1. Hey, rough spin-label estimate for I3 and L33, points 7 angstrom out along Cα→Cβ, what's it come to in nanometres?
2. With +1 assigned to the C-beta of every Lys and Arg and -1 to the C-beta of every Asp and Glu, and no other charges, what is the dipole magnitude of segment 20-70 about the Cα centre in debye, to the nearest 20?
3. Going by a ≥ b ≥ c, the root eigenvalues of the Cα gyration tensor, does the chain fall in the rounded group (a/c under 1.5), the prolate group (a/b larger than b/c) or the oblate group?
4. What distance in nm separates the simple spin-label points at D21 and W60, each placed 7 Å from Cα in the Cβ direction?
5. Looking at the chain, do any whole DSSP H helices span at least 24 angstrom along their long axis by alpha carbon and average 0.5 or above on Kyte-Doolittle, and which?
Amino acid sequence: MSIFTEFKQLSVNEKVQVLQDLWDQIAESPDQLPVPEWHKTTLDQRKREWESSQDPGEDWDDVKCRLRENL
């Protein structure tokens, strides 16, 4: 019997638990996760835009307060 066949026989709660366990195991080695090139390109672009911007952004505490008010 294949793993997939066994997985299909689990309850929804059991499937969710298996997925959570798998993700926890993957997250233990983040250096082994591939990063798509377009992610790197996007991050580089955003960093350049931030570095060249005259806008200092917002204070993190102010942002958190505003977000909590909107919950």
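Since every read-out is calculated from the coordinates, none of them should be taken as a lab result. Everything quoted here is computed from the prediction, not taken from an experiment. Cβ sites come from the backbone with ideal geometry, for glycine too, and all protein chains shown count toward neighbours.
1. 1.8
2. Dipole of segment 20-70, to the nearest 20 debye: 180 debye.
3. oblate
4. So the two model labels end up 3.5 nm from each other.
5. Both cut-offs are met by no helix.
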